[in-house]
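Worksheet: the structure to be examined is printed underneath.
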Amino acid sequence: MPNPGTGSAGTLPSSADSTGVEPSTVTELLDGVSRLREEVGRLIVGQEQVVEEVLLCLLTGGHGLLEGVPGLAKTLLVRTLAQGMELDFRRIQFTPDLMPGDVTGTEIIEEDRSTGKRAFRFLPGPVFTNVLLADEINRAPPKTQSALLEAMQEGRVTAAGETRPVPSPFLVLATQNPLEQEGTYPLPEAQLDRFLLKIRVPYPTPGEERAILAATTSGRQAEAKPVLGGEEVLTLRAATRQVPASDALLDYAVRLVRGTRPGQPDACTPVTDWLRWGAGPRAGQALVLAGKARALLRGRLHLSSEDLRAVAPAVFRHRLLPTFRAEAEGLEADELIARLLDTVARPSSGME
């Protein structure tokens, strides 16, 4: 049976529903995304792959977990992205003494000076924003980390006995430091699964590091110019979901996800021998959505197997649990993902 959610390759579905977006509109908005990338590039030297994966989160409505050592401009990248989109930006520095109310908000007692009466008023926390930077999220205890879960998954917060929606669009970009793990609280698997991508932030190349020194020690200061608005971001998110995906590509995504599950009939045994746990259904959703967003960023209105393969490392790396033997031998998730991509057969030519 044909996939009802797809159209012909290279075009968006012609029968637009309430979220239908015309291809000409998508092209105009993608020009805005290109300008946004340029604005970020004026302040962030290099890190093209990191910037692209953050943009994938933006276009899909997913959230990103950025991991890298200190000093790699993770905070500056998120702030610059928000500046380039005319969106409200808040930052939370996670610490061991941070409480859930510091994230979601709390009730305070106010006195009406004219009447002398006192009443409770809800004071919204920093989660009520468009772009939220959760800095060093693994330094707060689990109770505080979980305060973000409802907002990330449902787009709302329950606090002081009431459920309140967060602004739309809403994007959480959390950072964590792979060093200094003593005294930190690693994110549990259920919370990691809520992040669309885990984005590795590498060291700069020698040329990039020289450019960083020249730019940051000269006294010149720059800010990103706003080039996109909130409504445009929401339109791009609707367009991303309209990108056609053939049945063959959906089957390929399913085989990749199911291939990571040890003990299952369709497990990829050369890979699962090194895994204690594999990816769940959210990985397949993330794989297809991120692949569609990548296709849009390249000006294509159809998904390809290359899109799925390109986003697979960021989708899978925080959803696979290596065995103790794999950890002892230094076998990281990215290497296992590369083996998975080499083992699982791609769709035959002409079926994408």
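Here are the numbers for the structure shown:
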quantity	calculated
Residue list for region 256-304, filter: assigned to a helix (DSSP H, G or I), among the basic types (Lys, Arg) and surrounded by fewer than 24 Cβ atoms within 10 Å (Cβ to Cβ)	Arg258, Arg282
Exclusive hit being in contact (Cβ under 8 Å) with a residue 12 or more places away in the chain, closer than 19 Å to Leu66 by Cα and crowded, with 17+ Cβ neighbours inside 10 Å, set Val166, Val157, Val172	Val172
Count of region 280-336 residues which are of a type in the set (Val, Ile, Thr) and touching a strand residue (DSSP E or B) at 6+ places or on another chain (Cβ under 7 Å)	2
Total residues in region 203-230, condition charged (D, E, K, R) and either in a loop (DSSP other than H, G, I, E, B) or in the same structural domain as Arg300 (by TED's automatic domain parsing) (or both)	3
Options Pro96, Pro142, Pro126; residue that is touching a Gly at 6+ places or on another chain (Cβ under 9 Å) and loosely packed, with under 15 Cβ neighbours inside 10 Å	Pro96
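The values are calculated or read from the model by the stated rules, or taken from the named source; none is laboratory data. Worth saying up front: this structure is predicted, and the values here are computed from it rather than measured. When we count neighbours, we look across all protein chains shown, and the Cβ atoms used for this are built from the backbone with ideal geometry, even at glycine.
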